[in-house]
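Some notes on the structure that comes next.
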Amino acid sequence: MDKVIATSWTTDSEDVDLGMEDLLARVRSVLDGEDMCVLGTLEGCGSRLTPCFFGALRDLGLVFVSSRGSRHVRNMEADRRCSALVVIPPAGDGSRLVSLQVIGRVCEPRGRRRLAALRAFAGRAASHLPAAASGISKLMDKRVFVLEPDRIEFLDTGLSRESIVLRRGWQDMERDAA
């Protein structure tokens, strides 16, 4: 038997009549439909907000690719706590607001995971960034970070007037290696 880490999401929202899979599908839909966010990092004098392109991973992680000397890269090196805010502005009638705040810690993927992260980012940012449009070879010298969410605050005024908080739980599970 091998031990693996399983991820489970929970919410304490009683307002919404959706199951967890439906909520996660809505969160993925927002992340799949958007490619820009406001990245929040910490620095000596407080928080720093930076508009950034991102790529989304299936596990709800967000990929950021940046120049080595950028301020938000230095901030992420110094303090791994991070957040990203994605907002879909209300439609013309202003009746519905959708936003996601992803809160967690960043890591720097290595090896195959880094390549997968670069592919996810390049696929999303190709229409905006010339380096991404040229493929991942132009991105190899950049810093790659993945924001691994511990908590997601999801607001969809079509569902509820209050944010729905999803929390990630980690548990060890036995898995048959065969």
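The values are calculated or read from the model by the stated rules, or taken from the named source; none is laboratory data. Given the structure is predicted, the values throughout are model-derived calculations rather than measurements. Neighbour counts run over all protein chains shown; Cβ positions are idealised from the backbone, glycine included. With ligands, DNA and RNA removed, areas are computed over all heavy atoms of the protein, side chains included. Shrake-Rupley method; radii C 1.70, N 1.55, O 1.52, S 1.80 Å.
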Quick check, is A91 at pLDDT 85 or above, over 21 Å from L60 (Cβ atoms) and open to solvent by 50 Å² or more (accessible area, probe 1.4 Å)?
no
Find the strands (runs of 3 or more DSSP E) located wholly in the stretch 17-71 whose residues include 2 or more that are loosely packed, with under 12 Cβ neighbours inside 10 Å, touching an Asp or Glu at 6+ places or on another chain (Cβ under 6 Å) and not aromatic (F, W, Y), and list them.
none
Search the stretch 60-74 for residues that are within 15 Å of G40 (Cβ to Cβ) and pair each with any residue that is of a type in the set (F, W, Y) and part of a strand (DSSP E or B) when their beta-carbon atoms are under 7 Å apart and the residues are at least 6 apart or on different chains.
F64/F145
